[in-house]
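Written below as structure tokens is the structure these notes are about.
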Amino acid sequence: MLKKDKCWRCDTICSSPSPKIPCSRCGVASYCSDGCKRSDVFRHQVDCQTAVLKRRCSGCGKEKTGLKSCGSCGQAWYCDKECQKKSWPTHKVHCQLISTKTEELSRKLKSVYDFKKRIPSLGTVYYWGNTPAVDLINLPLNEGCHYSNPLSILACGVGDPRNVVLSLSQLPGDYKEELTFVLNDISACVMARTVLILYMLIKGGDQTASSVTQMWYSLRLSEKDHQLVISTLQELIQASSLEELTRGTMKIEQDQLHKLVQVWRTWLDLSSREGNWVTEARRRMIEIYPGSEEGIDFYLKQIPKEHKESASDWFAKGILLPKESRKGLTHENFTLTGNLDVFNRNEDPNKAFPFTYLIDQSVIPFTSWDYKDVKQFSYSASILKMYSQYVGHVLKKCAMTLATGQVKFHFLLCNCVEMTSFLPPDRKYDRVTTSNIADYVPLTSILDMSKPLLNTVNPSAVIITEFLNWVEHTNLTQKKNVFSIKCQKAFAKKSLKTPKIPQLPIPQGGLLLWITMTTAKSWSSSSELPWWYLKSRMSVIAGAHGSQWLTITG
């Protein structure tokens, strides 16, 4: 993840007395040497254009701010009508082609959205993230380390709490103001697990970090961790209200809490079940999941050789601990089970559906955290050791921030498009994140919902949404996969090569990169580990000031 005073190319610290060479065009990016600056031209050009707020007129060729886009295709920019008329003879064919393709794609997307209106949830439970965690706040690169106003973050479709705990672990110690997270998800199982993880950190502090790590990611638990989860569930179930239990740190409506209690009760009942039933359910899912063997084989071929043995062990055992640390794992991790509650209610609202292992086989712990940060913290041939230690470290720092009492959580169990009525009417948000809900809800609806919630007083306030599956609704899927396989190595080498580190690890399966910028502030995330399957991502960012949008595909 990009951090202040680090070279945008090689991550070298370039604060005084080391040289700090800024991009002469945008002034946002900075480098440790002219070599890094030259090497980054290809990768930085899209970010630079957005940060500088300048575009090149297609009529006269001048670069300036305040240009207006072509009303039909939106891809050409002009100073005025005269420049537009001058450019029209050469722009006409391209403009009409883009407009036709846009209308065709719009019709396809509309049919997809119309279908998904009848299915208000996803076909899996996201107990683990399928993209690397990001610092949603990143004060050094946004408001600044000395920012002294309260912050509010609204996370729609939050899934697991990886972004929350990473953001809290990175919060500068000098920031003492109240920090409020409003976390929304439609799945009772996902929300119940998120509340469980955060409550364990609030109650037990940094001493529980290792236990929470294993409960989060491993198929089997030690007696100590098993009992810790059980006692925590009992406290949550017996509480008259979450707000009273946590002395105001956590809050949820009582009718929504009742739905979480049902999940916690089911887990508590399952905690005494004998046998390797979760492990067996996972094994069966891998066996029947289309392309599992090919996906695993593809993944193992792309990662660094020294990690292959331990990664293979993960796919076989599902335990995020190196082999030498696995003594006494006598219990199944029942919190990795759940049901598709929204789908089930649509099928039969009165029928009780059993809990089973439901985690999508393309989602693994190594996609949830930035490999670059993990490797920087602790390197080992065992990827299991690296990730278990890194996640434990993040959770410890998060727990220390929670111990200050400055962090508040408000949970909303509902469809995100219907959540406005549950939000405090007087609260505005400095970050509004919507995950990849735009894959299921039209972007215009998301922006219509989110824009009034943005804190316009804060120039760094921003709305962020992502597309993970957009290419599936076009004819590009097959072409994209073939193109990615052919060109990804050359593209990655061009993108990642540096004068100091000429052989940076190359992310196979597509370059994973997303960057958001608003008013010359930015935060970013990149990963050196690949997707299990080839995926495309596109991020759309709308800032509180101005209308700059940035889209990146990879």
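No lab work stands behind these numbers, since they all come straight from the coordinates. Here the structure is a predicted model, which means the values were calculated and not measured. Quick reminder, even Gly has a Cβ in these numbers, built from the backbone with ideal geometry, and neighbours come from all protein chains shown.
What to note about this one:
- For the residue pairs Lys224/Lys396; Lys6/Lys176; Lys305/Lys372; Lys68/Lys92; Lys68/Lys428; Lys176/Lys428, alpha carbon separations beyond 21 Å are given by Lys6/Lys176; Lys68/Lys428.
- Radius 13 Å from Cβ of Val407, net charge of other residues (Lys, Arg +1; Asp, Glu -1): +3
- Separation of alpha-carbon centers, the range 161-234 and the range 421-447, rounded to whole Å: 24 Å
- Cα pair distances of the range 409-470 binned at 10 Å [whole percent]: 20, 54, 24, 1
- Convex hull of Cα atoms in the range 242-348, direction-averaged projection (nm²): 11.0 nm²
- Across the range 131-222, counting alpha-carbon atoms alone, Rg and Dmax equal 14.3, 43 Å.
- Put simply, the convex hull of the Cα atoms in the range 186-256 casts, on average, a shadow of 5.0 nm².
- Karplus-derived HN-Hα couplings along the range 431-443 (A = 6.51, B = -1.76, C = 1.60, θ = phi - 60°), whole Hz, x at Gly and Pro: 9, 10, 10, 10, 6, 10, 4, 5, 6, 10, 10, x, 4
- Mean Cβ neighbour count within 10 Å, used as a protection proxy, ranking 26-33, 185-192 highest first: 185-192, 26-33
- 17 Å Cα-Cα reach of Lys301 towards aspartates and glutamates, excluding residues that sit fewer than 8 places from it in its own chain: Glu293, Glu309, Asp313, Glu528
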